[in-house]
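Asks: What follows is a structure written as structure tokens; I'll ask about it next.
The values are calculated or read from the model by the stated rules, or taken from the named source; none is laboratory data. Being a predicted model, the structure only gives us computed values, none of them experimental. Cβ placement follows ideal geometry from the backbone for every residue including glycine, while neighbour counts extend to all protein chains displayed. Just so you know, the surface numbers come from the protein's heavy atoms only, side chains and all, with ligands and any DNA or RNA stripped out. Shrake-Rupley method; radii C 1.70, N 1.55, O 1.52, S 1.80 Å.
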Amino acid sequence: MPITPRTLKGFRDYLPAAAMPREWIVETARRVYRSYGFRPIDTPALEYLEILTGKGSDETDKQLYRFTDHGGRDVGLRFDLTVPLARFVAQHAQEVGLPFKRYHIASVWRGENTQAGRYREFMQCDFDTVGTTALTADIEMVLVVNDLLTALGISAFTIRVNHRAVLNGLLEKLGLAGKSAAVLRALDKLGKIGAEGVTAEMAKTAETTEQQNAALLSLASLQGDNTTILAELKKLVAGDETGERGVTELHELVAATAAAGVPAGRVQLDPSIARGLDYYTGVVIETQLDELPGIGSVASGGRYDNLASTFTKQELPGVGASLGLDRLLAALEELGRLPAVSTPADALICLFDADRRDAYLALAAQLRAAGTGVEVYPEAKKLGKQLQYADKQGFAAAVIIGQSEFDAGEAQVKHLASGESATVAYDGRDANAIAAEIRRAVDAAAVDHG
RNA sequence: GUGGCUGUAGCUCAGCUGGUUAGAGUGCCAGAUUGUGAUUCUGGAUGUCGUGGGUUCGAGUCCCAUCAGCCACCCCA
């Protein structure tokens, strides 16, 4: 009796058509991160349970995949890349040096309930700068997000920025400093449940008074251009040192990103952005696609004061963000913005004559050396079958060389999209003419796909 | 974790109040003088009706459980 092939809830297979755009995004993220000097690291998927639970809330504890390994150790699968980073830095700060800029693209696991775009195994693309409190790093975080989405071919997006110090400053003034987590979590839902919903939740979870609610909502509902919001924020937190510091930093960040060339309007102050996570202490950002606001933030992050307090006495402040790969992928697909890639190679070399196999493989080597990815059909099936395969796999071109071509010292390059064939010279050694013709087919196909 | 909706050929779905050998489109396979695909024509195969129990003379159709997907809450990427 065969075993039914199936996958666990929240875990997925990626077929080539899905894996290719995914890799494209990952490669783009990698390229952008590296262009800022972020360095790659990797850490084990499995950690000692105490590493993962040390800092986590009850919520993350519940979502944790945990078990006892064969040696009787309590272990768990990482549920984000931040905790492993904290452990990593506490363990290796001496070796890597500070400030430490790293990126980490890897899978994480959370045993929570699934939904569209929410899985139990998903990939995070984090980048962080650890070991400095300088606002430069916060500014850079915004620049990286801007560059990354731009590199992915997206132009209509808004990076919403807020500052925890501004929120905390107001909370201090209102005497709610001890209830910040509950209040912020409620405020974060403003866009979703509205002012009344937020009021109700705050009253319930943080026992806020009417005056407190009114003050908090007046802050979170602030709208307008950055200059207007900064002026209003300044008034609201006046007299509170924490809040004033936050406003100053927001002011500097807005100016700096503009100076660095981020288009006007793309960085938008939004006092309602709180981010539910407790550990944020400074700048927080969320990134919204203007054409698809409903999908939520596709890149989020912020500043934290002390990354690794559970692992070391050394204070390790930092700032970083994470790209929501799966969410972004879903969004790009919905917007029809995914590049139409279906095979990583550009052309298929038809294996016309089984006796000439080595000649075809030699041609493939020559084309690869010329920078053209090619696949050689493995067996001498009917030409029609081979072309059918080439078409189905989405190759831009098929290279056909049979007896008559070999005799004439030429090759046929068929453009699969148009059906037209070009005959180019090929003496068995110099494949540059073929490579050039394949390139033409690839370019033509790219134009077709917009 | 709580509540709701859904689950029929590879894919998208039809199958009225339970009744004989479960259908369509698309895809797939084969062929239309054996060196040219995707369009056309002809022919063909395909389903333990998610899985396991139960009710019934009889269940794709009703009940329960389970697995998986979707939606809301929660939380977040």
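Asks: If I compute solvent accessible area with a 1.4 Å probe over the protein chains, what percent of it on region A:347-448 is carbon and sulfur?
Replies: Answer for region A:347-448 is 48 percent, counting heavy atoms of protein chains only.
Asks: Now a separate question. Under a GNM of chain A (C-alpha, springs under 10 Å), which listed residue has the highest mean-square fluctuation: A:272, A:297, A:421?
Replies: The residue that fluctuates most here is A:421.
Asks: I've got another one for you. Taking the radius of gyration and the Kirkwood hydrodynamic radius from Cα positions alone, what is the Rg/Rh ratio for chain A, to two decimal places?
Replies: Over the Cα atoms of chain A, Rg/Rh equals 1.08.
Asks: May I ask you to list the residues of region A:294-324 whose amide nitrogen lies under 14 Å from a point 7 Å from Cα along the Cα→beta-carbon direction of residue A:91?
Replies: Under 14 Å, as judged by backbone N against the label point of residue A:91, lie A:311-312 of region A:294-324.
Asks: Let me ask something additional. Quote the charge dipole size of region A:16-334 about the Cα centre in Debye, to the nearest 20; the model charges only the Cβ of Lys and Arg (+1) and of Asp and Glu (-1).
Replies: With Lys and Arg at +1 and Asp and Glu at -1, about 300 debye.
Asks: Anyone know which of A:35, A:418, A:218 comes out most mobile in the 10 Å Cα GNM of chain A?
Replies: For chain A, modelled as a Gaussian network with Cα springs under 10 Å, the answer is A:418.
Asks: Hey, what number do you get for chain A at 222 nm if only DSSP H runs of n ≥ 4 count, each worth -39500 (n - 2.57), divided across all residues, to the nearest 500?
Replies: Mean residue ellipticity, 222 nm, calculated: -13500 deg cm²/dmol.
Asks: Any aspartates and glutamates with Cα under 18 Å of the residue A:392 Cα? List them, leaving off those in the same chain fewer than 8 positions away.
Replies: Cross-link targets: A:346, A:375, A:379, A:420, A:448.
Asks: Roughly speaking, to the nearest percent, how much of region A:98-198's 1.4 Å accessible area is carbon and sulfur?
Replies: After summing per-atom areas, the C and S share lands at 48 percent.
Asks: Quote to one decimal, in nm, the extra length available between residue A:221 and residue A:196 on full extension: 0.36 nm per residue of separation minus the C-alpha distance between them.
Replies: 7.8 nm
Asks: Separate question: Can you give the % of DSSP beta bridges in chain A that are antiparallel, to the nearest 5?
Replies: Given both bridge residues lie in chain A, the antiparallel proportion sits at roughly 80 percent.
Asks: Over region A:1-151, calculate the relative contact order: mean separation of alpha carbon pairs under 8 Å at least 6 apart, over the residue count, as a percent.
Replies: 27
Asks: Explain nothing, just the number: relative contact order of region A:16-334, from Cα pairs under 8 Å at least 6 residues apart, as a whole percent.
Replies: Relative contact order comes out at 22 percent.
Asks: For region A:16-334, what is the number of Lys pairs with C-alpha distance below 15 angstrom, counting only pairs 8 or more positions apart or on separate chains?
Replies: Lysine pairs meeting both conditions in region A:16-334 amount to 5.
Asks: At 1.4 Å probe size, with every protein chain present, just tell me what the per residue accessible area of region A:16-334 comes to in Å².
Replies: For region A:16-334, the solvent-accessible area averages 45 Å² per residue.
Asks: Right, something else. Based on the mean of other Cβ atoms within 10 Å per residue, sort peptides A:245-251, A:8-14 so the most packed one is first.
Replies: Going by the mean number of other Cβ atoms within 10 Å, highest first, we get A:245-251, A:8-14.
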